[in-house]
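First the structure, in the form of structure tokens, and then the observations on it.
The values are calculated or read from the model by the stated rules, or taken from the named source; none is laboratory data. Remember, it's a predicted structure, so these values are computed and weren't measured experimentally. A quick note on method: Cβ atoms are made from the backbone with ideal geometry, for glycine too, and the neighbour counts reach across all protein chains shown. Please note that ligands, DNA and RNA were not included when accessible areas were found on the heavy atoms of the full protein model with its side chains. Shrake-Rupley method; radii C 1.70, N 1.55, O 1.52, S 1.80 Å.
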Amino acid sequence: MSDKVLIIDFGSQVTQLIARRVRESGVYCEIVPYQSADEALDSFAPRAVILSGGPASVIQNDTPRAPEPLFQAGLPILGICYGEQTMVAQLGGEVEEGKTREFGRADIEITSKTALFEGLGPAGHKERVWMSHGDRVIALPEGFEVIASSESAPFAAIADEARGFYGVQFHPEVVHTPNGAQILKNFIHGIAGCSGDWTMEHFREAAIARIRETVGEGRVVCGLSGGVDSAVAAVLIHEAIGDQLNCIFVDHGLLRQDEAREVVDLFRGHYNIPLDHVEAQDRFLTALEGVDDPEKKRKTIGGLFIDVFEEEAERLGGVDFLAQGTLYPDVIESVSFTGGPSVTIKSHHNVGGLPERMNLKLIEPLRELFKDEVRALGHELGLPDHFIGRHPFPGPGLAIRIPGAVSREKLDILRQADAVYLEEIRNAGLYDEIWQAFAVLLPVRTVGVMGDARTYDHVCGLRAVTSTDGMTADSYPFAHEFLSKTATRIINEVKGINRVVYDVTSKPPGTIEWE
């Protein structure tokens, strides 16, 4: 087995980015919540441990802590933000509430030569980093020294090199720390001595073995949504257990143009995987009639999905498991360690488990992966490039791209506008440069003049963002000529739209959704 790194999660929204950087360096890692870290230290047998950031304050009582045996285990440890603070507090140092909070870009000065900053520059070198903290370290435990400082954080990076303990107040895992990946590599390879031989092929082999062990002689139904995630999950499970898998594709009437045909053709024709195509448009649209609250729409759709899967599983008979293509961004946006608002995000995914009435166990083989890692796994499994490269599509489909109540008329209008938009993106050769692009039918209507007639029609919003991991994003900088051409086509070809706008919203670290 390859070397492994254990990441102890204290509730940071970007913990999975740490895992992403570790995997990019060829080292297998897993994330465990701090509550179960004790057991993981024994069962996982890591080569090194990383303590994540988190929203709590170590100066308050009953906030998360690292397991005490960790500091006697002889393992290299890297504490990030809250991880640094709890390490300092637990080892005898001191943390206080900062007089000035520090969020965003900052410059630290490297104050001494250290293995953690190997290759970054000599002592006195200034390094750009991303800070996000209110508390700060003010006294170090015995054996530690300062290796970098900033104006607001005199203990911005610390080290006890004899024991292999390091702490950084900033976040090396986010792209806003330009040399953050190098810092993590220095810790993982230079300090911990990990070999870096883990690949997506290793993940595939391990996942197949886990699926076979979990399922045994049982049978699995997999819910296909039309997107990449569920498709990769289905092909992976089929490779593991063959005809013990049945796929269920629910056509709920909220899909993109021609999506149902593409999914059915791929699975029945290309892979010959057993597929039940359930036409449930009337059922879903009737349930959504008059519903304008976005959270209620999500839960209505998620509940109906479960109902359909339960009915299909009962019809098939002898089904033991339900599989779905949940990714880790879905998980961290659905589970809050601190009871914060993220508990309501991604509520259409059943990431917290299935309803008690449903006598099926849940399988989520992609639960620890990012979207780009899922695509790499799709390539490993032989899925067609044009399918793997498709933009992400939310589980509730077009329903959440129509703010307010959903109707068949609005869906038809949005579906046509979205198809024109994506066609123009492909014609311009931009599709693969963009992480996600889609049209939205805004809940406003405007008066306009088309030819000799006055119109009172819908406004269509266009959005396109670039991203690597789905955790941060920037709006795509379309040329004016492209937007003008696309808007003209939509207004001319889609009856019911008389105005088009482009949304330049971005998603910086710390925000949680941009569908």
For this session: Express in % the proportion of alpha carbon pairs of the range 369-508 at distances exceeding 24 Å.
Result: 35 percent
Seminar exercise, completed: A correct Stokes-Einstein calculation for the range 405-480, using the alpha-carbon Kirkwood radius, 25 °C and 0.890 mPa s, returns a whole-number D in µm² s⁻¹ of 172 µm²/s
Exercise. Considering only DSSP beta bridges with both partners in the chain, what is the antiparallel share in %, to the nearest 5?
Worked result: 50 percent
For this session: Give me the compactness ratio for the range 74-216, meaning the Cα radius of gyration over 2.2 N^0.38 Å.
Result: 1.20
Seminar exercise, completed: Eigenvalues of the alpha-carbon gyration tensor of the range 221-303, times 5 and square-rooted, give semi-axes in Å, largest first, of 27, 13, 10
Exercise. Can you give the translational diffusion coefficient of the range 165-282 in µm²/s, computed by Stokes-Einstein from the Kirkwood radius over Cα pairs at 25 °C and 0.890 mPa s?
Worked result: 139 µm²/s
Seminar exercise, completed: Restricting to Cα pairs under 8 Å and 6 or more apart, the percent relative contact order of the chain works out to 11 percent
Seminar exercise, completed: Sequence order, the range 215-228: Karplus ³J(HN,Hα) from phi using 6.51 cos²θ - 1.76 cosθ + 1.60, θ = phi - 60°, Hz rounded, Gly and Pro as x, gives 7, x, 9, x, 10, 10, 10, 10, x, 8, 9, x, x, 5
Seminar exercise, completed: Residues whose built amide H sits under 5 Å from the amide H of Phe165, excluding neighbours closer than 5 in sequence, are Ile77, Asp160
Problem set entry | Computed label-point distance, nm, for sites Lys299 and Arg163 using a 7 Å Cα→Cβ extension | 4.7 nm
Exercise. Taking +1 at the Cβ of each Lys and Arg and -1 at the Cβ of each Asp and Glu, which of Val95, Pro443, His202 sits farthest along the dipole of the chain towards its positive end, judged by Cα position relative to the Cα centre?
Worked result: Pro443
Exercise. Can you give the accessible area per residue of the chain, in Å², using a 1.4 Å probe?
Worked result: 41 Å²
Problem set entry | Dipole magnitude of the chain, debye to nearest 20 (Cβ charges: Lys/Arg +1, Asp/Glu -1, about Cα centre) | 1040 debye
Problem set entry | With every protein chain in place, the chain: carbon and sulfur % of accessible area (1.4 Å) | 47 percent
Exercise. Projected onto the charge dipole of the range 163-245 (+1 at Lys/Arg Cβ, -1 at Asp/Glu Cβ, origin at the Cα centre), which of Val174, Ile191, Leu245 gives the Cα projection farthest towards the positive end?
Worked result: Ile191
Problem set entry | Cα-centred dipole magnitude for the range 1-59, charges only on beta-carbon of K, R (+1) and D, E (-1), debye, nearest 20 | 280 debye
Exercise. So what is the relative contact order of the range 162-308, in percent, for Cα pairs below 8 Å that sit 6 or more residues apart?
Worked result: 15 percent
Problem set entry | Entries of Lys297/Lys495; Lys4/Lys371; Lys361/Lys410; Lys185/Lys361 with Cα pairs more than 30 Å apart | Lys361/Lys410; Lys185/Lys361
Seminar exercise, completed: In whole Å, largest first, the alpha carbons of the range 152-191 cover along the principal axes 30, 28, 9
Seminar exercise, completed: Per the 1/(1 + (r/R0)^6) rule, R0 = 30 Å and r from the Cβ atoms of Val501 and Glu409, FRET efficiency to 0.05 is 0.90
For this session: Can you give me the P(r) profile for the range 51-126? Cα pairs, bins 10 angstrom wide beginning at 0, each as a whole percent.
Result: 15, 39, 36, 10, 0
Exercise. Pulled fully out, how much extra length does the chain show between Met450 and Val264, if you take 0.36 nm times their separation in residues and subtract their Cα-Cα distance?
Worked result: 63.0 nm
Exercise. Residues with amide H under 5 Å of Val406's amide H, sequence separation 5 or more or different chain, H placed in the peptide plane at 1.01 Å from N; which?
Worked result: Gly290, Val291
Problem set entry | 19 Å tail of the calculated P(r), the range 358-452, as % of Cα pairs | 60 percent
For this session: For the chain, report the translational diffusion coefficient in µm²/s to the nearest whole number, using Stokes-Einstein at 25 °C, 0.890 mPa s, and a Kirkwood Rh over Cα pairs.
Result: 99 µm²/s
Problem set entry | 0 to 90° range, to nearest 10: angle between helix 371-381 axis and the chain longest Cα axis | 70 degrees
Seminar exercise, completed: Toy charge model, Lys and Arg Cβ at +1, Asp and Glu Cβ at -1: the range 1-145 dipole around Cα centroid in debye, rounded to 20, equals 560 debye
Exercise. Taking only the alpha-carbon atoms of the range 1-93, what semi-axes of the equivalent ellipsoid follow from 5 times the gyration tensor eigenvalues under a square root, in whole Å, largest first?
Worked result: 21, 15, 11
Seminar exercise, completed: Computed from the beta carbon distance with a Förster radius of 60 Å, FRET efficiency for Asp282 and Ile59 to the nearest 0.05 stands at 0.60
Exercise. How many nm is it between the label spots at Glu289 and Asn427, if each spot is 7 Å from the Cα in line with the beta carbon?
Worked result: 3.8 nm
Exercise. Amide H neighbours of Ile138 under 5 Å, counting only residues 5+ apart in sequence or on other chains, H built in-plane at 1.01 Å?
Worked result: Glu94, Val95, Glu96
